[in-house]
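Contents: one structure, followed by commentary.
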Amino acid sequence: MAITRHEPSKIYSKVVEANGFVFTAGITAADSKQDAKGQTEQVLKEIDRLLKLCGTDKTKLVSATIWVPDIRLRDPMNEAWNAWTKGENLPGRACIEAKLADPRLLVEIAVVAAK
Amino acid sequence: MAITRHEPSKIYSKVVEANGFVFTAGITAADSKQDAKGQTEQVLKEIDRLLKLCGTDKTKLVSATIWVPDIRLRDPMNEAWNAWTKGENLPGRACIEAKLADPRLLVEIAVVAAK
Amino acid sequence: MAITRHEPSKIYSKVVEANGFVFTAGITAADSKQDAKGQTEQVLKEIDRLLKLCGTDKTKLVSATIWVPDIRLRDPMNEAWNAWTKGENLPGRACIEAKLADPRLLVEIAVVAAK
């Protein structure tokens, strides 16, 4: 059994591979001056990059957890989400309201993918 | 490695199978006029149905995440939970407070099962 | 496919093994009179114990979800977290704010490990 960890910070790894699955950290936008849709686009682009590091991609998603600091941001978040998924190969998903580490952050997404 | 997705909406799949595991979306009650206990019963019945689609069942649960919009709803939710599990084959579980997509929703549950 | 459940209460199992993975429940401090750092230390000690029951340990963590009832508690929680991980073998992680089952609880942590 091998575990592969990518891009560890001091606190967490951005993505970890084990036993045929890939687990990302909760990913937030690098540029928190953007609105919820723009931040979601950033997050999903980063998730694309992290999945690629692990030899997998968004067509293999199995689960996504999405936190927004105001549940009304679900709509602009979904705009970016739907453009990204194109309605194909959709994972199970939960989207709930939660205050995030920085008040400027408008979305955080963690995914599990198969590989 | 095969991934099987069941009942995709525009946004997510209700349940996804991969590598010996089954991941449901965060499931909420179809009839949000019921109280927290009644909504939990609906959610758990729906989870039974989704697990069956994947060839598994509640005796194979490994993990459950439960969100309630008021932590005091944990008690009526647990009444329905305990009647459902019968105290057997219990998964790991976390129950936390979070505002959900619609204010009438009083519980959301996502589970991971083995198959 | 075998599922092994450890230390079930009436409601959930503290940790469950299946298909090469280990899933803990959301773990909280037994002594809720301690501050956030002290409670985190307790939780992580308990996670060590649970992982050991399953024949694995913190070097095999793949994912952690951390809930704090006030996001400002992330700092003292991280002090205990960083002392525990020593910056090595870091899992993916998400830390969000959520009200917990008892107002005295200042942190809840659920982890997934490989074994």
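Only the coordinates and a few stated rules stand behind these numbers; no lab work does. As the structure is a prediction and not an experimental result, all values here were calculated from the model. Reconstructed Cβ throughout: ideal geometry from the backbone, glycine too, with neighbour counts over all protein chains shown.
Quick notes
- Spin-label model, residue C:35/residue A:70: points 7 Å from Cα along the beta carbon direction are separated by 3.3 nm.
- Percent of Cα pairs exceeding the 11 Å cut-off, where the set is the stretch B:66-105: 67 percent
- Over chain C: helical MRE at 222 nm, DSSP H runs n ≥ 4 each giving -39500 (n - 2.57), nearest 500: -8500 deg cm²/dmol
- Taking a ≥ b ≥ c as the square roots of the eigenvalues of the alpha carbon gyration tensor, the stretch B:13-64 is prolate, as a/c is not under 1.5 and a/b beats b/c.
- Whichever aspartates and glutamates have a C-alpha closer than 14 Å to that of residue C:10, once near sequence neighbours (fewer than 8 apart) are set aside: B:75, B:79, B:88
- On the principal axes of its alpha carbon atoms, the stretch C:3-114 extends 37, 35, 20 Å, with the longest extent given first.
- Nearest to the axis that brings chain A onto chain C is this chain A residue, judged by its Cβ, with the distance in whole Å: A:98, 3.
- Between copies, the label points at residue A:104 (set 7 angstrom from Cα along Cα-to-Cβ) are spaced 3.9, 3.9 nm, reported in nanometres from shortest to longest.
- Copy-to-copy label separations for residue C:11, where each label sits 7 Å from Cα toward Cβ, in nm and ascending: 2.8, 2.8
- Net charge of the neighbourhood of residue B:31, taken over other residues with C-beta under 14 Å away and scored Lys/Arg +1, Asp/Glu -1, is 0.
- Per-residue Karplus couplings for the stretch B:99-112, computed as 6.51 cos²θ - 1.76 cosθ + 1.60 with θ equal to phi - 60°, are listed in order as 5, 9, 4, 10, x, 7, 7, 10, 6, 9, 10, 10, 10, 10 Hz, Gly and Pro entered as x.
- Candidate aspartates and glutamates - alpha carbon under 16 Å from residue C:52, same-chain residues fewer than 8 apart omitted: C:7, C:17
- Computed over the stretch B:12-114, relative contact order equals 41 percent, with contacts defined as Cα pairs under 8 Å that lie 6+ residues apart.
- Over 32 Å [Cα-Cα, the protein assembly as shown], rounded percent: 21 percent
- q = 0.13, 0.25, 0.28, 0.29 Å⁻¹: log10 I(q)/I(0) that the Debye formula gives for the stretch C:40-86, counting C-alpha atoms only: -0.31, -1.00, -1.16, -1.20
- Counting Cβ atoms of other protein chains within 10 Å of each residue's Cβ and taking the mean over peptide A:22-29 gives 4.
- At 7 Å out from Cα toward Cβ: residue A:31 inter-copy label distances (nm, ascending): 4.9, 4.9
- Neighbour-count order for C:65, B:4, fewest beta carbons within 10 angstrom listed first: B:4, C:65
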